[in-house]
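Have a look at the structure below, then the notes.
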Amino acid sequence: MSLREKLFNERYRKFAENLQKDDLDELLPDAARFIARLNSTPENPVKTVILLQQVSFIVPRPDGAYIPEPWQPHILLGYGVQPQDLE
Amino acid sequence: MSIRSLIKLWNTFFFEKRSPINIALFRIIYGTLVIATLVLLRPNWLNWYGIHAWVSLPTVLKLETGRRLNLFSVLPQSDAWINALFWFALFSSLLLTFGLFTRTNSVVVYLCLTSIQQRNLYILHGGDSFLRLAGFFLIFAPAGAALSLDRLIRVRRGKEPPNIQPRSLWAQRMIQLQLSLLYLTTFLLKIKGAPWLQGTALFYVYHIDELKRFPVPGWLLRPTVLKVGSWAALLLEFSLGTLIWFKEFRYWLLGAGVLFHLWLEYSLNIPMFQWDVLSAYILFVDPADISRIGNTIRLTASAWLRAPAMAREERTQAPDMHQSTV
């Protein structure tokens with residue numbers, strides 16, 4: 001992402017951070033509906049949205065170096081899209 | 001110390017009359033920051049606040065119970081109205097920046113900003129909350145008493161003397177308190193967790209890919225440097241929350257705070273946060289120093305503007321002098 005894109009889209013980072021919080025689970029169906037609307041066409045409506053959380057732990061090595069850990073996916077939500085969600 | 005002297009101290013601190021130049025400058029910076037925040041939100045305005053936004057209004061009202069100041073709840077539910085709110089907020093913040101109908105626009109900007117924040121709380125950072133709270137106190141401050149179109153009009157109409165009159169300080173004090181509380185609570189929250197006390201916190205911060213902005217030299221990411229950096233940040237935040245009230249430390253701390261936030265602005269991608277916080281620094285500067293800086297800028301600018309004019313004058317006079325000597 002360019003710096004300009006980062007500036008305009010930084011709110012998404014904060015939003016994604018909040019989506020992963022347990023006490024804000026109720027945000028997930030709304031987010032799934034938004035993604036469904038975004039990716040649907042009348043000929044090809046989205047039927048299912050799966051929200052995945054990718055986790056990679058930041059672990060300092062004994063010598064202070066950092067080697068990225070592999071990403072681990074976790075399912076946050078599987079959502080069956082209803083026709084009214086796409087209206 | 002007697003109770004009477006305590007009351008006197010309280011009254012002087014909050015209600016002493018001083019030049020409104022600080023709060024006027026703050027109004028200009030504040031208005032500019034609100035405009036910048038709105039402009040940055042514009043491309044995704046309907047994605048965040050529209051009828052079919054990422055988070056629907058019913059979900060927000062369900063999650064955030066209780067009465068809240070939220071114009072989105074009373075607006076007709078259409079994207080056209082939601083877009084209109086954007087332009088209304090932008091126009092009002094422009095007027096606030098220029099100081100036209102200052103009081104009215106400070107109320108309107110506060111209402112719009114609060115509504116925008118209440119409509120989607122899940123995309124906010126601490127700087128947004130600070131802008132909202134400062135905006136509330138700005139309503140009560142004499143923000144249009146200097147450097148404003150309102151004052152220019154009043155002076156022209158003979159309703160106000162040309163010299164800026166001192167005004168009560170309490171609203172400005174509340175914003176100052178808000179800033180020092182921001183630092184102090186940040187410090188208290190940080191020392192509750194082990195990473196800041198152990199000095200490992202910045203290691204994690206600087207290894208989050210989404211937060212990275214411009215490249216940071218490798219030696220600054222060494223564990224020892226990051227450890228010292230974590231503790232220095234703690235010390236600075238504590239000092240900005242407490243020692244800033246003492247004149248002897250104030251300018252040193254403000255200088256360190258500016259460098260600290262500029263470094264964060266360079267290295268971390270949290271748009272507007274640093275500027276939101278830095279905006280209130282102007283309230284801690286002595287009005288006499290602001291006048292002194294203003295005069296220096298004025299003198300330098302007029303000398304700079306006068307220099308080409310004088311050069312032109314010399315050029316036009318030169319042939320005459322030549323003729324007279326011949």
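No lab work stands behind these numbers, since they all come straight from the coordinates. Computed from a prediction, not measured in an experiment: that's the story for all the values here. For neighbour counting, all protein chains shown are included, and Cβ atoms are generated from backbone atoms with ideal geometry for every residue, glycine included.
Annotations for the structure displayed:
- Compactness check for the stretch B:204-326: Cα Rg over 2.2 N^0.38 Å is 1.78.
- Within chain B, the longest segment free of exposed loop sites, counting GluC sites (Glu not before Pro) that fall outside DSSP classes H, G, I, E and B and have at most 15 other Cβ atoms within 10 Å, spans B:65-326.
- Rounded to 10°, Cα long-axis angle of helix A:27-39 versus longest principal axis of chain A: 70 degrees
- Distance violations [Cα-Cα > 31 Å] among A:14/B:17; B:62/B:212; B:212/B:247; A:14/A:47; A:6/B:227: A:14/B:17; B:62/B:212; B:212/B:247
- Projected over every direction and averaged, the convex hull enclosing the alpha-carbon atoms of the stretch B:162-262 yields 9.4 nm².
- Counting Cβ atoms of other protein chains within 10 Å of each residue's Cβ and taking the mean over peptide A:30-43 gives 2.
- Rg/Rg_globular for the protein assembly as shown, with Rg_globular taken as 2.2 N^0.38 Å and Rg from C-alpha atoms: 1.22
- Amide H within-cut-off set for residue B:101, under 5 Å, with H built and near neighbours excluded: B:150
- Trypsin sites (Lys or Arg not before Pro) within the stretch A:30-84, DSSP loop, no more than 13 other Cβ atoms inside 10 Å: A:47
- The mean number of Cβ atoms from other chains found within 10 Å of a Cβ in peptide A:11-21 is 5, as a whole number.
- Shape class for the stretch B:18-168: prolate, because the ratio a/c of the largest to smallest gyration tensor axis (alpha-carbon atoms, square roots of eigenvalues) is 1.5 or more and a/b beats b/c.
- Close amide H partners of residue B:167, meaning residues 5 or more places away or on another chain with modelled amide H under 5 Å apart, are B:18, B:19.
- Nearest 10 degrees, 0 to 90: helix B:170-190 Cα axis against chain B principal axis: 50 degrees
- Residues whose amide H falls under 5 Å from that of residue A:77, counting only those 5 or more places apart or on a different chain, are A:51, with hydrogens built in the peptide plane.
- Longest to shortest principal axis, alpha-carbon extents of the stretch A:3-86, angstrom: 55, 31, 27
- Each residue of the stretch B:16-30 was assigned a 3J(HN,Hα) from its phi angle through the Karplus curve 6.51 cos²θ - 1.76 cosθ + 1.60 (θ = phi - 60°); the sequence is 4, 8, 9, 4, x, 4, 4, 5, 5, 5, 4, 4, 5, 5, 4 Hz, with glycine and proline shown as x.
- Mean residue ellipticity at 222 nm, helices only, chain B: -22500 deg cm²/dmol; runs of at least 4 DSSP H residues each add -39,500 (n - 2.57), and the sum is divided by the number of residues.
- The long axis of helix B:126-138 is offset from the longest Cα principal axis of chain B by roughly 60 degrees.
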